[in-house]
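Just below is one structure, and these are the notes that go with it.
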Amino acid sequence: MGNAAARDAMAATAEPGRGTSRAPVARVRRPREGYSFAARVVGGVAGLGAACGNSVFVLAGPLGSTLSAKASYVSELEVGGEPASGLFRAFDIATGAMIIAVALTLPTALSARLAVRVVSVSLCGAGIASIFDALNPMPCAPSVDLRCRSYEETANLVVQLQQGHTVSSVLGELAMFAAMSALAVVTWRGTNRRLARIAVGLGMGFAVSGLATVTLTLVGSQDVGAVERAQVAVESAWLALLAVHVCTGNRRTRAGQYPQPLAPHQRR
């Protein structure tokens, strides 16, 4: 009789609905999603600095430039002989360095997911291209130099792509677009839908304005400068968004406890 009672008690414990309470559910810890507070601070400051440095073209007029904001490329501000060309090149180098700095902090500040690493690698490429642009500026300003403009209009695309400055500019823009696309994926998988929508919108705006700049360049339009400046402004806004996301996107929180899924024999 005693053995039969013991067997009945054990069966009631193992089978649900036999009048006994379930055993305590095991608790597991969710892994933390932000690793370094210092990395978030450095990345945020570098991102905001890059956004400001990328927008320094707005100071062209006060610094004495006479180039048309509507017809001239932003890179023409760095042509030798232009007012404050050395200062603009210095800003370009500093901006590239800060872009690389924020890129290197991303895997530590946010997470080590593949999409974040794509953002990091792409931003490193964009930062290197920015530095290369400053060290290899345009040889002349086509918006005010007739000989330079004639060469730009007669040289085909293959010849233009043989110039170091042109190649680095194109690669830099492609790398930046890749970073924008990857960040859109990162934010869309998160919980902040507003941030995700802004990231997607800025990425689309950058792509559209970039294609418009290329088209206007190929047809020799005098409005290419205005469109390119709009593209650079979108890029600066995205860098500022990235800085905000690095600082606040994945805050480091205490590891919470969550119930482990019930075993099949414990489910009703």
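I need Met180, Met138 ordered by Cβ neighbour count within 10 Å, fewest first.
Values: Met180 26, Met138 21.
Least to most surrounded, the residues fall as Met138, Met180.
Across segment 201-240, what fraction of all alpha-carbon pairs, as a whole percent, falls in each successive 10 Å bin from zero upward?
Values per bin, smallest distances first: 35, 49, 15, 1.
Quick one: plug the Kirkwood hydrodynamic radius of segment 29-248 (C-alpha pairs) into Stokes-Einstein at 4 °C, 1.567 mPa s, and report D in µm²/s.
Working: Rh = 17.9 Å.
Rounded to a whole number, D works out at 72 µm²/s.
Where a number appears in this text, it was derived from the coordinates with a stated rule and is not lab data. Here the structure is a predicted model, which means the values were calculated and not measured. For neighbour counting, all protein chains shown are included, and Cβ atoms are generated from backbone atoms with ideal geometry for every residue, glycine included.
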